[in-house]
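Working notes, beginning with the structure itself.
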Amino acid sequence: MADNNRKVRVRFAPSPTGALHIGGVRTALYNYLFARQHGGDFILRIEDTDSQRFVPGAENYIIESLKWCGIHTDEGVEQGGPHAPYRQSERKEIYLQYAKQLVQSGNAYYAFDTAEQLDALRKQAEAEGKTFAYDHTVRRQLQTSLALTQQEVDERIARGDNWVIRFMMPEDEDVQMDDIIRGHIVINTKTLDDKVLYKSADQLPTYHLANIVDDHLMEITHVIRGEEWLPSLPLHYLLYRAFGWQRPEFAHLPLLLKPQGQGKLSKRDGDKFGFPVFPLQWDAPDGSSAMGYRESGYLPEAFINMLALLGWNPGTEQEIFSMDELINAFSLDKVSKSGARFNPDKAKWFNAQYIRMADDQRLAQLVQPIYAQRGISVTIDRAAQAIALIKERATFPVDLVDLTQKLFVRPADYDEKSVAKFWKADNVARLAELRQLLEADSITDPAAAEARVHEWIKSKDYSMGQLMNTLRIAIWGVSQGPSIFHIISFIGKEEALARIDVAAASLGQGA
Ligand code: GLU
């Protein structure tokens, strides 16, 4: 058990093999929340010892993603720290001595089998309807330091034969493990194989060795990671024991499940249902591209809030959490064991809530490029005022532009249904009268103008609904929309009168 007096230190340890899936972001988030809550450190370590799976650009993508999410690292590849370097490929020299230490203490051995020999063994087992496993049943028959003499081993190493160091898994032992989320777990070693820890061919450790050595050297107190690493836990426990090191505590997080049906949330689900499974757009080296939450118009706070609740339950009805509130409320005890189903509609709901809460100026900055793309030139202040009128109805930033566009540009056309319903001779004649009234009004205060117009309509005994909807068609192109007096006061009286004239010219006097 980790000793409670140690300063909490956790790490996010991704392998740069492609874009960071939102499940990975959630792992980083839970580590970050845990560290902040305990006044501890959050470390970003890049596990890039598998050169076959290395993808250029992936490390940078991970760093950018965490920044966008507001997940700050205390130590890591970017800023360095007391345990630098934080990229495993730059720590190469560290690992061999530890692998050798395990050989010396009788916990590991050299194996010289070539790829061809192992392949032949696999095929032979297959032909017999079995699966080959490199384990206690074969380790003394194969090309290993357990079967060869010390002299043979030394000679082979000296002449440059390739070798690996394998962990010597106990033959029949119940490994007793504890997981903060899953509780006590017992696994017998009978079915576990002798994992490779180090390979002379590329002078690199495998994940298991590098991960344990670095967690130890970096003084990690809690390992919080995805459920897919649970099968490695017995080996990791035994490695800590073999080294005689204090073990961190472990917490394995539940999988993120598809919106419907069985299985893990995958990139293909995102493509199929049209939602992102990556934080940022990912342009892969092979030319393919996958959409991201950022580019799809999600605010980072909404994305983080949504992710935090995928697998963790605060135990209350509260759904909206700022990062600080998450840091206070988060607890590994309330992380569920079972998979968390991803719900794209809920993600949208969170975004709409955060757009509502966001500062108008910030939203205006965010959508400025969209106005520009549409050829609408507008100052941030004007855009912010416009956005304030309609933001409760937006889910994405682009909606803010769609909903405010006509505050800056005259309607390009008139909604047919609205016209058929309200653009009638009586209404059009009354609109001409209303135009005169508006012309004489100052319309600086929308509520006061509205009251004056309503009073006038009543005094004339005109139908309020008929006339106001006719006015709305002229000004807004359709009989629904934000408060018409807010629109008029926003666009200004001159523009409002001009729109009435343009509508009359283009729609005629009504039937
Ligand atoms: N490099 C592993 C990964 O890509 C880290 C697993 C762990 O946190 O131990 O997920």
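Table for the structure above
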read-out: Heavy-atom accessible surface of the chain: percent carbon and sulfur, 1.4 Å; value: 48
read-out: Rg to Rh, two decimals, where the range 233-330 supplies the alpha carbon set and Rh follows Kirkwood; value: 1.09
read-out: Most to least packed among 488-501, 200-213 [average Cβ atoms within 10 Å]; value: 200-213, 488-501
read-out: The chain - share of DSSP beta bridges that are antiparallel (%, nearest 5); value: 55
read-out: Estimated Rh, the chain: Kirkwood, alpha-carbon pairs, angstrom; value: 27.8
read-out: In degrees, nearest ten, helix 425-440 long axis to first principal axis of the chain (Cα); value: 90
read-out: Angle in degrees between helix 493-507 and the longest Cα principal axis of the chain, rounded to the nearest 10; value: 80
read-out: For the range 338-449, diffusion coefficient by Stokes-Einstein and Kirkwood Rh (Cα), 4 °C, 1.567 mPa s, µm²/s; value: 76
read-out: Loop GluC sites (Glu not before Pro), the range 291-383, which have at most 16 other Cβ atoms in a 10 Å radius of their Cβ (DSSP); value: GLU295, GLU317, GLU319
read-out: Positive minus negative residues near GLU152 (Lys, Arg vs Asp, Glu; Cβ under 15 Å); value: -1
read-out: Normalised per residue, the volume of the convex hull around the Cα set of the range 183-245 (Å³); value: 120
read-out: Accessible area expressed per residue, the chain, with surrounding protein chains retained (probe 1.4 Å, Å²); value: 47
read-out: Using distinct alpha-carbon pairs, which all enter the 1/r mean, Kirkwood radius of the range 116-190 in Å; value: 15.2
read-out: All lysines inside 27 Å of LYS421 as judged from Cα atoms, apart from same-chain residues fewer than 8 positions distant; value: LYS406, LYS458, LYS460, LYS493
read-out: Rounded tilt (10° steps) of 397-408 against the dominant C-alpha axis of the chain; value: 20
read-out: Estimated vicinal HN-Hα couplings, Hz - the range 313-328 in sequence order (Karplus 6.51, -1.76, 1.60; Gly, Pro = x); value: 10, x, x, 10, 7, 4, 10, 8, 10, 6, 4, 5, 5, 5, 4, 5
read-out: Kirkwood-based shape ratio for the range 1-111, expressed as Rg/Rh from alpha carbons; value: 1.03
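The values are calculated or read from the model by the stated rules, or taken from the named source; none is laboratory data. These numbers come from a predicted model, not from an experiment. Cβ sites come from the backbone with ideal geometry, for glycine too, and all protein chains shown count toward neighbours. The protein model used for the area step is the full one, side chains on, heavy atoms only, and it has no ligands, DNA or RNA in it. Shrake-Rupley method; radii C 1.70, N 1.55, O 1.52, S 1.80 Å.
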